[in-house]
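Okay, so here's the structure we're looking at.
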Amino acid sequence: MRGIIPSLHTPFCRDNKVDILSLQKLIDHTIVSGCAGMLVGAVAGENASLSLDEKEIIINACVQHNNNRLPLIVSCSANNQYDRITLSRAAKVAGADWILCQTPNNLNGNELTECFNEIADAGPSNLMIQDLSWTDNGMNDEDILLLFENIKKFKGLKIEVLNSGPKYSRILKATNHKLHLSGGWAIMGMIEALNRGVHAFIPSTMEVIYNQIYNLFIEKKINKARDLFSAILPILSFTHQHIDIAIKFSKMLRVREEIFITDLCRSPISEFDIYQSEEANIHIEKVISLQNNIN
């Protein structure tokens with residue numbers, strides 16, 4: 001899984017139910033766009049707003065529709081260990097390749113190892129841990145290495161913390177480059193991360209553009225990769241004000257791309273006001289133009 005692995009948003013019908021047909025269209029779009037994999041049911045998928053039943057429905061629908069065309073990572077992040085294990089087991093039964101789980105709050109050392117051992121034992125053969133913090137440097141390096149040494153299925157780490165760059169390098173070196181590393185919310189540092197040896201990126205939307213940037217970099221056309229990345233920086237500046245803004249914008253883009261029927265988000269994500277809507281629509285047209293030129 002080297003390249004772009006988008007975190008899929010969860011589309012909703014006008015009655016606020018999960019829109020499986022639009023989700024299937026998004027999976028097809030992800031595959032056609034040339035991505036290296038996909039992640040379902042994570043933060044971008046409004047995980048916190050989904051019931052356990054909805055999450056299991058999404059897991060089964062995505063695995064079945066994907067039909068092994070791309071590696072599929074299922075989020076089993078939840079507020080309690082029972083739900084995490086239930087979702088991990090559901091992912092394995094459905095036939096998913098990977099599970100992802102966000103590090104539970106206030107756990108470290110042996111308690112954290114025990115927690116992830118239970119999750120890993122219930123799930124498929126590949127575990128990706130999400131090291132996410134909006135406010136600090138996230139997990140201690142020592143805990144990451146403890147998990148790496150003690151959990152055989154722990155094969156991937158998604159780093160989304162403040163100052164992610166140096167952490168990528170430290171973990172790659174400490175694990176002798178044997179742990180798959182990806183970045184998500186830290187996509188703003190994509191070129192730097194590629195130079196550091198990060199394997200994959202898990203943004204949401206703009207797959208065509210991100211794939212082109214990645215491919216240009218791999219082809220050693222670094223200046224062209226930088227130029228294209230610079231073209232989307234105003235868009236990222238708008239969306240990275242807050243995760244809720246990023247999700248709402250992405251769903252508006254999906255409607256414009258005729259993948260989603262609605263741009264409905266669940267609470268606490270609010271509708272854009274008139275100024276946000278104006279900015280969003282300008283940026284959406286920019287994305288469409290860039291994607292058309294690449295295609």
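Odds and ends about this structure:
- Approximate shape of the chain as ellipsoid semi-axes (Cα gyration tensor, √5λ), whole Å, largest first: 28, 24, 18
- Among the trypsin sites (Lys or Arg not before Pro) in the range 66-151, those located in a DSSP loop and surrounded by at most 16 other Cβ atoms within 10 Å of their own Cβ are 69.
- Per residue accessible area of the chain, 1.4 Å probe, in Å²: 45 Å²
- Among the trypsin sites (Lys or Arg not before Pro) within the range 119-208, those in coil by DSSP and having at most 10 neighbouring Cβ atoms inside 10 Å are 178.
- Under 22 Å of direct C-alpha separation, and excluding same-chain neighbours fewer than eight residues apart, residue 92 reaches these lysines: 55, 152, 153, 155, 158.
- Solvent-accessible area assigned to carbon and sulfur over the range 53-119 amounts to 41 percent, based on a 1.4 Å probe.
- Carbon and sulfur %, accessible surface of the range 207-295 computed with the full protein complex present, 1.4 Å: 50 percent
- Relative contact order of the range 196-261, defined on C-alpha pairs under 8 angstrom at six or more residues apart (%): 24 percent
- Separation of the residue 134 and residue 16 label points, Cα + 7 Å toward Cβ, nm: 2.2 nm
- Annotation: peptides 109-122, 241-254, ranked by per-residue average of other Cβ atoms within 10 Å with the highest first, follow the order 241-254, 109-122.
The values are calculated or read from the model by the stated rules, or taken from the named source; none is laboratory data. Fair warning: this is a prediction, and the values are worked out from it, not measured in the lab. Every residue, glycine as well, gets a Cβ built from its backbone with ideal geometry; the counts of neighbours run over all protein chains shown. Ligands, DNA and RNA are stripped out before the accessible areas are found, and what is left, the full protein with its side chains, is counted by its heavy atoms. Shrake-Rupley method; radii C 1.70, N 1.55, O 1.52, S 1.80 Å.
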